[in-house]
Every structure is written in structure tokens, then in C-alpha cells.
Amino acid sequence: MTWLTFRYSGRFVEYVLERADVQPAWKEHTEHAFVAGLADGTLPGDSFKYYLIQDYLFLVRCVPVSKGHT
């Protein structure tokens, strides 16, 4: 399958997830304890707070830089 085929067929995600070299990384990120805890409500409050702080720091540092590159 070429880029043009899946780009216009709407199968990009399916194409990527079917790749053997992508599956381990996908599983690591989607089945991580943080993601599971966030989904089922068992994530400790301190972990969520840390995540929010890090996300905020990323946004305030990186978004202003990217504004000039639209």
C-alpha cells in the first residue's frame, strides 16, 4: 500500500496499526499504567497533578515558539 492509497482511502490508522514495527510502541503507550488509571479513575491525584503541571510547562514553553511557524 502506498501513501496515496491510504491517504485517500481513510485507512491510515489501520495501515499503521497493522505494521509489526508499530505494534509494540502502540501497546506500550496505550496500555501504560498511567493511561489505564486515567481511564478507570484509579490514577492517584498526585500523578494527575504532575501530568497537568508538565503539560502546562510544555505548552507555555513550546507554543509561543511555534506561533511564528504557522
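Odds and ends about this structure:
- Reciprocal mean inverse distance between Cα atoms of region 14-55 - Kirkwood radius, Å: 11.7
- Less than 5 angstrom separates the built amide H of L43 from those of L38, all sequence-distant by 5 or more or on a different chain.
Values in this text are rule-based calculations from the coordinates and carry no lab data. If you're wondering where the values come from, they're calculated on a predicted model, not measured in any experiment.
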